[in-house]
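Novice: One structure follows; several queries about it will come next.
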Amino acid sequence: MACNCDLSQVDITNPPLDCPKVWDLISCGDCKGIFQLESQLGRSLAKQLKPENMEHLSALISISRPGAMESIWDNKSATQHYIDRKNGIEPITYFHPSLENALKSTYGVICYQEQSMKIAKDIAGFNLQEADNLRKAVGKKLPKLMSEVKIKFLEGCTKQKIVNEKEAEEIFGWIQKGQRYLFCKSHGVAYAYNSYITAFAKAHYPKQFFTSYLKHSHSKPDYKEEIKELINNMKMMDIPVYPPNLTLFNESFQLIDNKITFGLTDIKGIGSAVITKLKDKVKNVEEFIQKSIDKWNWTDFLVFLSAKVDKTSVENLINSGALDFLQTERSQMLHDYWIWSQLREREQLWVQNELLRHPKKQFTLSELLQYLLDSPTGKAGGIYHKKRVTFVKSLKKIVDKPPYKIRDAIRITAKNEKELLGINLTAHKLDDYDTSLGKDTCRDIMKDSTGLFVTVVAEVVNVREHKIKSGKAKGQYMAFLTLSDQTGEADSIAVFSDIYSQYKDHLYEGSVCFFEGKVGKKGIIVNKIISL
Amino acid sequence: MNHKFYICYDLETDSPNPEEAHPTEIAAVPIEPRSLKILADETFNVIVQPPDLNEKDYFENHSDTIHWHASNHKVEAKDMLEKWKKEGVEQKLALQEFNRYCKQFEIEKTSQNWYVDPIPVGYNIIGFDNKILQRICQDNKVSCPFSFVNQVDIMHLLFTWFENIGGPSNFKMDTLREFFQMPHEGTAHEALTDVIDTARIFVRFLQFQRKQAHVKKFKGAFNGV
C-alpha cells in the first residue's frame, strides 16, 4: 500500500506511527530483520493478527511468548483469543463488567502486568503500593508474596462489593495463572516502538536496511544461514544482490552505486588477511602494467597476478563470480589458470615480458604459449630444458583443442555459488529443469498469492521428519519441507504420513520435484509429488 | 535412490596387458542419473602419448597393437604412430584433464552423499580399464577420478542377463553391436564411438531394470525361507 510519508522530513528514530506501508509489511508476515518478530512464530502471529497500531503491536510482542500460548481457556490459548477477538472472529466478552475498564484495550484478554494492577485497584480497592506488590508477585513469581497479596485482594473485594467472593477467587486465579506470561506494558511498548522503527526502515529504505543486516550477519551464530535468509527475503522484495567484485574491494556487504554487493570476505575460504594481501598485490601490478584493475582483461590477471595468490583463493574468486568483470567464462578462467600454473616461474616471466613489450595487443593463451615455444631453449630463452618443450607443447595442444567443452554449465555454477556464497546468485539448479509444470513459485507461496491449489517445481532444501504422537496416524512419520527455487525459499510445506510414506525416497536434500497441494491454515499441504 | 552421475569411459591402449598397457586415447560420456540421458554434448576425448612413445624400439614392441589400431582407423601403422606423436598430450596432463572433467560431475556432499564422485561404467572396465587407470594415476601421482565404491561393467551386466537364455555368441563389443543391431556413427573401436555405444547399452538395460525393480518385490524376500 502506498503511503504519504515525506521521507525528507522524517526522522528515522521518530517516524510517523501511522504509515500504512509499515503496517502492511508487518501484517503480511514479512518480518525478517524486524525486532522481536523475526522468528517463524512472530511472523505467523503477525500475519494472523494484522496489527494496525502500536497497541496491537505491543500486545503482539507480549503474547508471542510460550506462556501466553500455553495459557488455555475455552480450548484456545490467550494468544489465539486475542487474535480472534481483534479480527472479529470471536465476540469480546468480560468475565465481569468491572473488568472492562482494565481490559478494553486488549479485547478482554489480560496481556500486561499493569492490567492486573488496574483490576486490583478497580475491584479490590488496592492503592498503588499494594498494586505494585501484586505486580511483583506476578512478575517475579514469588509464591509467598502471592499468597499474602491474595488474602488482601479477597478482603479488598469483599469490602468493595463490586464482585462476589466466588468471582473474586476466579479473577485472582487468572491473575495468578497470568504470571506465566503477563508482560510489562512499558517493556512491550518499548519493544513495539523498536519493531516499528525497524519495519519503517525496511519499508522505506530497504537497500540500506538489508545492507546493514548483511554486513552485521557475522554476529549471528550461523551467519551463513542468516545471509541466506536475508537474501531470500530480498528476492521476495525484488531487491537483487550482486556477486562479489574484486574491483570494488569491499570486504563486507556494501551498497555501491545503489547496488548491494557481496563482500569478498563472505566468500568461503577468503578471509580479511587474504584481501589485504591481495589489495597490495593488485596495486603493485597496476603500477607495473600501468593499468587500473577495472581496465584489466583476463590475460592481465592470469599472467601478472594469479601466480602471486594462493590457488584456493584464485579458484574461489573465479567460482564465486568475483572475477566476472574480466568478461571471460568462469570455466574458461579455471582451465586457463590450471594451464598457466603448470608453467615454471622462469617460463611465466618470459611470457610476462612479451606482454609488456606489446601493451596494447590482446594475446590469447595459445599465442603466449606459442611465443614461449618459439623462444630459444636454454639459458637465453623461456624454456630452460628440452624436456620441458614437449610438456609445453602438450599444454598448447590442450589449449588449442580442449578434450571437453569448456563452458559454464548451470549445474556447476549453481553448485559452486551455493558452496562458496551460501546461496545462488547468478544460477540456480532449477535453471536446468523444465519448471513449466508448476504454476506457482516459492515466492508465491510465501506471499500467499497462490490461490487455493498450489503446483510448484522446486528443490528440496530441508526435510524435517516428525513422529505423530496422537490420532489415527500415531507412530507414523510426516515431514515438513523447505523448498527453494529461483525466487527464494518456502517453508511450512507439510507432507502428511500417508503421502510421506509413498514419496519418502524422493524427498532428500538436493532433489528436485514437482509438488501439488492445497493451502492449509498454516502452510501448504502436499498431496502429490513427482520426482524430476 | 541414486543421484550420482555415471561416466561411461574407455581407454584405447598400446597393449592388451593391463599390467603394462598405457592409454593412447581416453574417451568418456556422462549419463544423467535420473533421466538416464546420455549427455552427448559433454564428452571427453584426448589422444595420449604413452611415456615411452619416442623410444627407438617402441614400434617393434607394440607392433601388433599399433597395427590393430591402424586397421580400425583405416590408416597405415606408421601414420597411427605419427598421429599419437602429433596430437597426443603427455600422460600426466591427460590424466589431470580427465580428473578435472570428472570433477564437474561430482554431486554435492550432504548427509546422505558421502561419496560424491561419478560412477564409472564401461565395457570390461573391471578387468582392464580400471586397473590401468589406477596404476597410471598412482605412477603419475594424480588422484583417481573414481572411488570405485560403485562401478558397472557392461560385460558382467550382460553376462548375468544372458547367462542361461542364449543370445550373443560372445560378449565382445562387435558381437554385441551386431546382436543388438545397433546403428552407429563413427568408426568402431574409436574410443568415443565405443563409449557412446556402451552408454546406450547400459542405459537401455538400466531403464529395463528400473521398470522391473520394486522395493516390495525384494523387501522381506527371505522372510520365512
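Novice: With the structure loaded, tell me whether A:I412 is at the interface with another protein chain (Cβ under 10 Å from one of its Cβ atoms), in contact (Cβ under 8 Å) with a residue 40 or more places away in the chain and β-branched (V, I, T) or whether it fails that test.
Specialist: yes
Novice: Any residue in segment A:136-160 that's over 27 Å from A:S62 (Cα atoms): show its pairings with residues that are not in a helix (DSSP H, G or I) at Cβ separation under 8 Å, as long as the two are six or more apart or on different chains.
Specialist: If the second residue must be not in a helix (DSSP H, G or I), the pairs left are A:K152/A:F126; A:G156/A:G125; A:G156/A:F126; A:C157/A:V163; A:K159/A:G125; A:Q160/A:G125.
Novice: Taking segment A:489-517 as the region of interest, how many residues are away from every other protein chain (no Cβ under 12 Å), more than 25 Å from A:N233 (Cβ to Cβ) and either among the aromatic types (F, W, Y) or within 27 Å of the chain's Cα centre (by Cα) (or both)?
Specialist: 4
Novice: If you don't mind, another one. Scanning for something touching a residue at least 24 places away in the same chain (Cβ under 8 Å), under 18 Å from A:V399 (Cα atoms) and more than 14 Å from chain B (Cβ to nearest Cβ), does segment A:350-360 turn up at least one residue? Spell out how you get there, then give the answer.
Specialist: The first filter runs over segment A:350-360 and keeps only residues touching a residue at least 24 places away in the same chain (Cβ under 8 Å), leaving A:350-352, A:355-356, A:359.
Narrowing further to those that are under 18 Å from A:V399 (Cα atoms): A:351.
Cutting the leftovers down to more than 14 Å from chain B (Cβ to nearest Cβ) gives us A:351.
Scanning segment A:350-360, I find at least one residue that is touching a residue at least 24 places away in the same chain (Cβ under 8 Å), under 18 Å from A:V399 (Cα atoms) and more than 14 Å from chain B (Cβ to nearest Cβ), so the answer is yes.
Novice: Within the group A:Y371, A:Y404, which residue is among the aromatic types (F, W, Y) and away from chain B (no Cβ under 13 Å)?
Specialist: Only one candidate qualifies: A:Y371.
Here is a yes/no grid of residues against (1) within 14 Å of chain B (Cβ to nearest Cβ); (2) of a type outside the set (V, I, T); (3) touching a Phe, Trp or Tyr at 6+ places or on another chain (Cβ under 6 Å):
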residue: A:Q290; (1), (2), (3): no, yes, no
residue: A:W296; (1), (2), (3): no, yes, no
residue: A:N316; (1), (2), (3): no, yes, no
residue: A:F325; (1), (2), (3): no, yes, no
residue: A:T328; (1), (2), (3): no, no, yes
residue: A:S331; (1), (2), (3): yes, yes, no
residue: A:W338; (1), (2), (3): yes, yes, no
residue: A:S341; (1), (2), (3): yes, yes, no
residue: A:Q348; (1), (2), (3): no, yes, no
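So that you can scan it fast, the table gives a plain yes or no per residue for (1) more than 23 Å from B:T65 (Cα to Cα); (2) modelled with pLDDT under 90; (3) more than 16 Å from the chain's Cα centre (by Cα):
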{"residue": "B:Y123", "(1), (2), (3)": "no, no, no"}
{"residue": "B:L158", "(1), (2), (3)": "yes, no, no"}
{"residue": "B:E178", "(1), (2), (3)": "yes, yes, yes"}
{"residue": "B:H184", "(1), (2), (3)": "yes, yes, yes"}
{"residue": "B:E190", "(1), (2), (3)": "no, yes, no"}
{"residue": "B:K219", "(1), (2), (3)": "yes, yes, yes"}
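Novice: Having 1 or more residues that are away from every other protein chain (no Cβ under 11 Å), under 19 Å from the mean Cα position of the chain (by Cα) and modelled with pLDDT under 95 is the bar; report the helices (runs of 4 or more DSSP H) wholly within segment B:12-110 that clear it.
Specialist: Counting at least 1 such residues, we get B:63-73.
Novice: Follow-up. Regarding segment A:292-309, can at least one residue be identified that is hydrophobic (A, V, I, L, M, F, W, C) and not in a helix (DSSP H, G or I)?
Specialist: Pass one, segment A:292-309, residues hydrophobic (A, V, I, L, M, F, W, C): A:293, A:296, A:298, A:301-305, A:307, A:309.
Still in the list and also not in a helix (DSSP H, G or I): A:296, A:309.
Yes, that holds for at least one residue.
Novice: Which number in (1) in a loop (DSSP other than H, G, I, E, B); (2) farther than 30 Å from A:I231 by Cβ marks the one condition that A:A59 misses?
Specialist: If we test A:A59 against (1) in a loop (DSSP other than H, G, I, E, B); (2) farther than 30 Å from A:I231 by Cβ, just (1) comes out false.
Novice: Working only within segment A:10-48, note down all residues that are part of a helix (DSSP H, G or I), among the aliphatic types (A, V, I, L, M) and within 13 Å of A:S195 (Cβ to Cβ).
Specialist: Matches in segment A:10-48: A:V22, A:L25, A:I26, A:L45, A:A46.
Novice: Consider B:Y123 against the criteria (1) of a type outside the set (A, V, I, L, M); (2) closer than 23 Å to B:E20 by Cβ; (3) surrounded by fewer than 15 Cβ atoms within 10 Å (Cβ to Cβ): it satisfies all of them except one. Which criterion is unmet?
Specialist: (3)
Novice: Looking at A:K387, A:K397, can you tell me which residue is within 11 Å of another protein chain (Cβ to nearest Cβ), within 22 Å of A:S331 (Cα to Cα), not β-branched (V, I, T) and not in a loop (DSSP other than H, G, I, E, B)?
Specialist: Numbers: A:K387 fails: within 22 Å of A:S331 (Cα to Cα).
From the options A:K387, A:K397, the qualifying one is A:K397.
Per-residue answers, yes or no, for (1) over 27 Å from A:L483 (Cα atoms); (2) of a type in the set (D, E, K, R); (3) touching a residue at least 60 places away in the same chain (Cβ under 8 Å):
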position	(1), (2), (3)
A:K228	no, yes, yes
A:P243	no, no, yes
A:L246	yes, no, yes
A:F249	yes, no, no
A:I267	no, no, yes
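Novice: Moving on. Picking from A:I289, A:I275, which residue would you name as being in contact (Cβ under 8 Å) with a residue 40 or more places away in the chain and surrounded by fewer than 21 Cβ atoms within 10 Å (Cβ to Cβ)?
Specialist: Result: A:I289 is the single residue among A:I289, A:I275 that is in contact (Cβ under 8 Å) with a residue 40 or more places away in the chain and surrounded by fewer than 21 Cβ atoms within 10 Å (Cβ to Cβ).
Novice: Further, regarding this structure: Check segment A:201-208 and report whether any residue there is of a type outside the set (K, R), farther than 30 Å from A:A490 by Cβ and in contact with a strand residue (DSSP E or B) (Cβ under 8 Å, 6 or more places away or on another chain).
Specialist: Within segment A:201-208 (the criterion being of a type outside the set (K, R), farther than 30 Å from A:A490 by Cβ and in contact with a strand residue (DSSP E or B) (Cβ under 8 Å, 6 or more places away or on another chain)), the answer is no, since none of the residues qualifies.
Novice: Taking the stated definitions as given, is A:A102 under 16 Å from A:E55 (Cβ atoms) and at pLDDT 90 or above? Outline the logic, then answer.
Specialist: Working: under 16 Å from A:E55 (Cβ atoms): yes; at pLDDT 90 or above: yes.
When the stated conditions are applied, A:A102 passes them.
Novice: Which ones in segment B:111-126 are without any contact (Cβ under 8 Å) to a residue 24 or more places away in the chain and either more than 8 Å from every other protein chain (Cβ to nearest Cβ) or in contact with a Pro (Cβ under 7 Å, 6 or more places away or on another chain) (or both)?
Specialist: Result: B:W114, single match.
Novice: Need pairs with beta-carbon distance below 9 Å; first residue over 15 Å from B:N17 (Cβ atoms) and within segment B:55-68, second part of a loop (DSSP other than H, G, I, E, B); sequence gap 6+ or separate chains.
Specialist: Short answer, once both residue conditions are applied: B:Y58/B:D14; B:Y58/B:P50; B:Y58/B:D52.
Yes/no matrix, rows are residues, columns are (1) of a type in the set (K, R); (2) within 22 Å of A:Y404 (Cβ to Cβ):
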position: B:E60; (1), (2): no, no
position: B:F98; (1), (2): no, yes
position: B:D117; (1), (2): no, yes
position: B:R135; (1), (2): yes, no
position: B:V142; (1), (2): no, yes
position: B:F146; (1), (2): no, yes
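Novice: Note down all Cβ pairs under 7 Å where the first residue falls in segment A:65-81 and is in a loop (DSSP other than H, G, I, E, B), the second is not aromatic (F, W, Y), and they're at least six residues apart or on different chains.
Specialist: From segment A:65-81, the pairs are A:S71/A:S77; A:S71/A:A78; A:S71/A:K177; A:S71/A:R180.
Novice: Here's something else I'd like to know. Is it the case, given these coordinates, that A:L420 is buried (at least 20 other Cβ atoms within 10 Å of the Cβ) and more than 14 Å from chain B (Cβ to nearest Cβ)?
Specialist: No.
Novice: Which of (1) in a helix (DSSP H, G or I); (2) within 14 Å of chain A (Cβ to nearest Cβ); (3) touching an Asp or Glu at 6+ places or on another chain (Cβ under 7 Å) is the odd one out, the single condition B:D194 does not satisfy?
Specialist: Of (1) in a helix (DSSP H, G or I); (2) within 14 Å of chain A (Cβ to nearest Cβ); (3) touching an Asp or Glu at 6+ places or on another chain (Cβ under 7 Å), only one is false for B:D194: (2).
Novice: I'd like to know if segment A:75-84 contains one or more residues that are loosely packed, with under 14 Cβ neighbours inside 10 Å, of a type in the set (D, E) and touching a strand residue (DSSP E or B) at 6+ places or on another chain (Cβ under 8 Å).
Specialist: no
Novice: Which of the residues spanning segment A:97-130 are surrounded by fewer than 16 Cβ atoms within 10 Å (Cβ to Cβ) and under 21 Å from A:L154 (Cβ atoms)?
Specialist: Within segment A:97-130, A:P97, A:N101, A:N127, A:L128, A:Q129 meet the criteria.
Novice: I'd like the full set of residues that are surrounded by fewer than 15 Cβ atoms within 10 Å (Cβ to Cβ) and within 14 Å of chain B (Cβ to nearest Cβ), limited to segment A:433-456.
Specialist: A:D434
The values are calculated or read from the model by the stated rules, or taken from the named source; none is laboratory data. The structure displayed is predicted, hence computed values, not measured ones. A quick note on method: Cβ atoms are made from the backbone with ideal geometry, for glycine too, and the neighbour counts reach across all protein chains shown.
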